[in-house]
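Chemist: One structure is given below, represented as structure tokens, and several questions about it will come after.
The values are calculated or read from the model by the stated rules, or taken from the named source; none is laboratory data. None of these values were measured; they are calculated from a predicted model. Positions of Cβ are backbone-derived with ideal geometry, glycine not excepted, and every protein chain shown enters the neighbour counts. For accessibility, only protein heavy atoms count, side chains too; no ligands or nucleic acids. Shrake-Rupley method; radii C 1.70, N 1.55, O 1.52, S 1.80 Å.
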Amino acid sequence: MTALAPTSIGVEPSGPRPRHITAGRIGIYAFLIIAALFFLLPLWVMVITSMKSMSEIRAGNIFALPMQPTLDYWVKAWSSACTGVSCNGLAPGFFNSLKITALSVPVSIVIAMINGYALSFWRFRGSELLFGILVFGAFVPFQVLIYPIIFALSRVGLFGTLPGIVIVHTIFGMPILTLLFRNFFASLPSELFKAARVDGAGFWRIFFWVMLPMSVPIAIVAVILQVTGIWNDFLFGLVFAGRENLPMTVQLNNIVRTSTGTVEYGTNMAATVLTGAVPLIVYFVSGKWFVRGIAAGAVKG
Amino acid sequence: MTTIVAYEQSLTTGQLKSRANRRRLLGKLPAIIGTLPMMAVAIGVFVIGIAFTVVLSFTNSKLFPSFNFVGTRQYEVLWSTTRWVESVKHIWFYGLGQISVSLVFGFLLAVFMDQRIRGEDAFRTIFLYPFALSAVITGLIWQLMLEPIWGLQAAVRSLGFTNFTFAPLADGNTALIGMVIASVWQGTGVTMAILLAGLRGIDDEIWKASRVDGIPAWRTYLSIVLPMMRGTVATALVLLVVNVVRTFDIVIAMTGGGPGIATQMPATYVIDNINARNVGHGMAAATCMLLPIAALVLLQAILRWRAARKRSAA
């Protein structure tokens with residue numbers, strides 16, 4: 001499972017060389033365009049529904065453009081939609097997610113970077129076994145570990161706190177990130193490390209002066225992986241973050257579930273767009289970097 | 001200087017070795033300190049945590065862990081609880097549905113993407129973007145899409161096909177189909193990306209040879225290329241299986257487990273039992289969720305060990 005990272009995602013096509021425009025070529029494009037429509041339609045529906053009034057949703061079909069586009073629902077979803085407990089909209093959730101992400105991403109990445117570095121250059125007795133356990137951990141269903149972690153965190157008073165959720169994200173991000181960094185450091189020439197050793201540099205000196213500057217590209221992949229992964233997390237935020245720190249995804253679900261009277265699809269979809277905006281922006285800006293992270297990141301669910 | 005040399009010479013080889021050992025250990029000490037978090041997670045969470053869960057599954061723990069062992073009682077109750085048995089059936093249906101559709105659809109997309117098409121990057125961006133979204137969002141969008149009064153069904157009916165019926169979520173018998181559609185929408189892009197990378201790893205000579213022999217392209221794909229990339233297919237499959245076993249967010253967002261218990265899954269069962277302060281029972285369910293993953297990992301380890309042995313024998 002470790003050797004799977006497809007490094008060749010961007011290389012030249014290997015299929016049979018096309019001839020001229022034939023029925024087959026048209027068929028290929030037809031299939032791809034229909035598939036693209038299938039993938040794009042829900043995004044389209046989500047965005048336009050968020051700008052339609054309820055009467056318009058009732059009257060027309062969900063694929064039609066809004067006749068009187070409005071951003072009222074966006075404002076409502078952001079600042080005044082109700083979540084059962086309070087009516088402050090998604091904004092508190094946004095800032096909670098921001099806090100959780102801003103803390104968890106650097107912590108988890110720095111630890112995983114040191115792990116990968118130690119596993120590549122400073123093997124000690126049992127280090128490979130540790131790594132094996134960690135990789136196994138990447139495949140364990142979260143529900144198996146949730147109760148032991150709830151128990152341990154409440155024993156030290158961190159259950160339902162910001163440090164608690166940061167620890168949980170660090171734990172569950174560790175297998176895949178360590179794998180990512182280990183594979184990266186293992187691909188560096190060992191002469192680099194030996195030369196630094198001969199010069200008398202120790203563990204931390206080599207790490208900070210040689211390895212850290214070299215691992216910027218892979219660190220970017222890790223950041224993208226973690227930002228989208230932690231932002232999109234629902235289960236851990238629900239269980240571990242505590243009422244004060246509920247992330248945006250949990251707030252979103254609460255808003256949608258809290259329907260007094262008729263369901264207001266405009267608000268629901270506006271809230272959905274707002275919650276999805278951050279990972280979508282990361283995705284469209286990062287492009288190829290994101291694709292690189294996927295091979296490794298798909299292990300994380 | 002000479003005294004030092006004399007001193008060094010006076011040491012027995014045994015002493016020298018132990019000194020060298022100590023120095024090596026001292027040199028590795030920062031590495032061991034640096035990996036303390038990893039040790040804590042690997043041993044503290046993944047070994048002790050899993051053991052804790054398994055041990056608790058044999059107790060009658062309620063809210064707090066107790067070590068009042070009741071043998072396999074929790075498992076007996078578990079497998080005679082309708083909701084659990086149904087959840088297991090659901091995950092099989094949902095899993096087989098999602099995995100087979102994702103693999104076939106993903107492979108087709110990868111093959112079509114590999115035909116030297118124009119706008120490959122644009123297509124890839126479109127196929128992959130749902131994966132960047134949270135499963136909660138996926139669930140909510142598709143809930144609206146499949147909503148009987150306003151969704152897809154209503155839109156098609158308004159075009160004149162008044163008998164058109166497609167609202168799987170409204171009916172307990174078909175609700176899982178709706179979930180399969182949503183998860184295929186979210187995850188197929190990844191399967192496509194992995195399989196496409198596998199296709200591009202196939203040697204060009206294969207294509208030249210098959211063209212010389214006049215074998216049609218689709219036959220080459222099915223009988224030559226696909227078997228050659230079975231490692232890549234296995235990778236895509238493992239990722240899909242792991243994600244299926246974990247399925248939780250999309251259920252909560254899309255159906256809340258309903259209608260009735262039609263879309264309950266093992267993961268929601270475990271969480272509900274922890275919330276209901278029935279921890280022993282929930283841990284028995286969690287242990288049952290671990291088994292297929294443990295079997296998969298074991299199988300993979302055996303295969304790798306056999307491959308290594310074959311390589312060393314050759």
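Chemist: What percent do you get for the relative contact order of chain A when only Cα pairs under 8 Å and 6+ apart count?
Modeler: Reported relative contact order: 30 percent.
Chemist: Right, next: Going 7 Å from the Cα of B:PHE93 toward and past its Cβ, which residues in segment B:155-175 have a backbone nitrogen under 14 Å from where you end up?
Modeler: Answer for this model: B:168-175.
Chemist: With every protein chain left in place, what is the accessible area per residue of chain A in square angstrom, probe 1.4 Å?
Modeler: 43
Chemist: Okay, next question. Connecting C-alpha atoms closer than 10 Å in a GNM of chain A, tell me which of A:LEU32, A:LEU192, A:LEU180 has the biggest fluctuation.
Modeler: Ranking A:LEU32, A:LEU192, A:LEU180 by mean-square fluctuation puts A:LEU32 first.
Chemist: Turning to a different aspect of this structure: For peptide B:246-256, what's the mean number of Cβ atoms from other chains within 10 Å of each residue's Cβ?
Modeler: Across B:246-256, the average partner-chain Cβ count within 10 Å equals 4.
Chemist: Enter the buried accessible area of the B/A pair, total of both sides, probe 1.4 Å, in Å² rounded to the nearest 100.
Modeler: Its buried surface, counting both partners, is about 9200 Å².
Chemist: Straight-line reach from B:LYS28: which lysines fall under 30 Å, measuring Cα to Cα and dropping same-chain residues less than 8 apart?
Modeler: A:LYS194, B:LYS17
Chemist: For the Cα atoms of chain A, what angle does the longest principal axis make with the long axis of helix A:162-186, in degrees from 0 to 90, nearest 10?
Modeler: 60
Chemist: How large is ³J(HN,Hα), in whole Hz, for each residue of segment A:102-116 in order, when computed from phi with the Karplus curve 6.51 cos²θ - 1.76 cosθ + 1.60 and θ = phi - 60°, using x for Gly and Pro?
Modeler: Those phi angles translate into 4, 7, 5, 4, x, 4, 5, 6, 4, 4, 5, 5, 5, 4, x Hz.
Chemist: Ok, one more. When the accessible area of chain B is split by element with a 1.4 Å probe, what percent falls to carbon and sulfur?
Modeler: About 67 percent, which is the carbon plus sulfur part of the accessible surface.
Chemist: So how exposed is B:VAL47, as accessible area in Å² (1.4 Å probe, rounded to 10)?
Modeler: 70
Chemist: Could you work out the mean count of beta carbons from other protein chains within 10 Å of each residue's beta carbon in A:38-46?
Modeler: That average works out to 6.
Chemist: Give the cross-link partners of A:LYS99 among the aspartates and glutamates, using a straight C-alpha distance below 13 Å as the criterion and excluding same-chain residues fewer than 8 apart.
Modeler: By straight Cα distance, A:LYS99 reaches A:GLU244.
Chemist: Moving on. What's the FRET efficiency of B:LYS208 with B:LEU298 using the Cβ-Cβ distance as r and R₀ = 45 Å, to the nearest 0.05?
Modeler: 0.65
Chemist: Another question about this same structure. What accessible area, in Å² to the nearest ten, does a 1.4 Å probe give for B:PHE52?
Modeler: Its heavy atoms expose roughly 40 Å² to the probe.
Chemist: Given a 10 angstrom Cα cut-off, can you work out which residue in A:ARG25, A:ARG182, A:ARG197 is the most mobile in a GNM of chain A?
Modeler: The residue with the greatest mean-square fluctuation here is A:ARG25.
Chemist: Calculate one ³J(HN,Hα) per residue across segment B:129-134 by plugging θ = phi - 60° into the Karplus curve 6.51 cos²θ - 1.76 cosθ + 1.60, and present them in order as whole Hz with x for glycine and proline.
Modeler: Whole-Hz 3J(HN,Hα) from phi for segment B:129-134: 4, x, 5, 6, 8, 5.
Chemist: While we're here: Place +1 on the Cβ of every Lys and Arg and -1 on the Cβ of every Asp and Glu in segment B:82-313, take the dipole about the Cα centre, and give the residue among B:ALA217, B:ILE99, B:THR188 whose Cα lies farthest towards its positive end.
Modeler: Result: B:ALA217.
Chemist: Using a simple charge model, +1 on the beta-carbon of Lys and Arg, -1 on the beta-carbon of Asp and Glu, nothing else, what dipole does segment B:82-313 show about its Cα centre, in debye to the nearest 20?
Modeler: The dipole of segment B:82-313 has a size of about 760 debye.
Chemist: So which cysteines of the protein assembly as shown have no other cysteine's Cβ under 4.7 Å from theirs?
Modeler: B:CYS288
Chemist: OK, next. Taking amide hydrogens as modeled 1.01 Å from N in the peptide plane, which residues meet the under 5 Å criterion relative to B:THR59, leaving out close sequence neighbours?
Modeler: B:VAL70
Chemist: Sticking with this one: Give the calculated FRET efficiency between A:ALA64 and A:THR161 to the nearest 0.05, with a Förster radius of 45 Å applied to their Cβ-Cβ distance.
Modeler: For R0 = 45 Å, the calculated efficiency reads 0.45.
Chemist: Same structure again: Report, to the nearest 10°, how far helix A:216-232 tilts away from the longest principal axis of the Cα atoms in chain A, using its own Cα long axis and a range of 0 to 90°.
Modeler: 40
Chemist: Among A:VAL85, A:TYR73, A:LEU177, which residue has its Cα furthest toward the positive end of the charge dipole of chain A, with +1 on Lys/Arg Cβ and -1 on Asp/Glu Cβ?
Modeler: A:LEU177
Chemist: At what distance in nm do the modelled label points of B:VAL104 and A:ARG205 sit from each other, each positioned 7 Å from its Cα along Cα→Cβ?
Modeler: 6.2
Chemist: How much accessible area per residue does chain B have, counting only protein heavy atoms and a probe of 1.4 Å, in square angstrom?
Modeler: For chain B, the per-residue accessible area is 48 Å².
Chemist: Could you size up the charge dipole of chain A around its Cα centre, putting +1 on the beta carbon of Lys and Arg and -1 on that of Asp and Glu, and report it in debye to the nearest 20?
Modeler: 480
Chemist: Mind checking which aspartates and glutamates have their Cα closer than 19 Å to the Cα of B:LYS208? Skip sequence neighbours fewer than 8 apart in that chain.
Modeler: A:GLU12, B:ASP114
Chemist: Shielding of A:264-277 by partners, i.e. mean partner chain Cβ atoms within 10 Å per residue?
Modeler: If you average over the peptide's residues, the count of other-chain Cβ atoms is 3.
Chemist: Just grab the label-to-label distance for A:ASP72 and A:ILE21, each label 7 Å out from Cα along the Cβ direction, in nm (one decimal).
Modeler: Result for the modelled spin labels: 4.8 nm.
Chemist: Let me ask something else about it. Compute accessible area for segment A:119-143 by itself and then with all protein chains, 1.4 Å probe, and report residues whose area falls by 50 Å² or more.
Modeler: Buried by the other chains: A:TRP122, A:PHE124, A:LEU130, A:ILE133, A:PHE136, A:PHE139, A:PRO141, A:GLN143.
Chemist: Which residue, chosen from A:LEU103, A:ILE62, A:ALA270, occupies the Cα position most advanced towards the positive end of the dipole of chain A, where the dipole is computed from +1 (Lys, Arg) and -1 (Asp, Glu) charges on Cβ about the Cα centre?
Modeler: A:LEU103
Chemist: Now for a different question. In whole Hz and in residue order, list the ³J(HN,Hα) couplings for segment B:73-81 that follow from phi through the Karplus curve 6.51 cos²θ - 1.76 cosθ + 1.60, θ = phi - 60°; x for Gly and Pro.
Modeler: Rounded to whole hertz, the list is 3, 4, 5, 4, 4, 4, 6, 10, 8.
Chemist: Cα axis of helix B:82-113 to longest principal axis of chain B: angle in degrees, 0 to 90, nearest 10?
Modeler: Here the helix axis deviates by roughly 90 degrees.
Chemist: In debye to the nearest 20, how big a dipole does segment A:156-301 give about its Cα centre with +1 on each Lys and Arg Cβ and -1 on each Asp and Glu Cβ?
Modeler: Value, rounded to 20: 320 debye.
Chemist: Here is a follow-up. For the ranges A:149-158, B:94-103, B:147-156, A:226-235, what's the packing order if you count other beta-carbon atoms within 10 Å of each residue, average per peptide, and put the highest first?
Modeler: Averaged packing, sorted descending, gives the order A:226-235, B:94-103, B:147-156, A:149-158.
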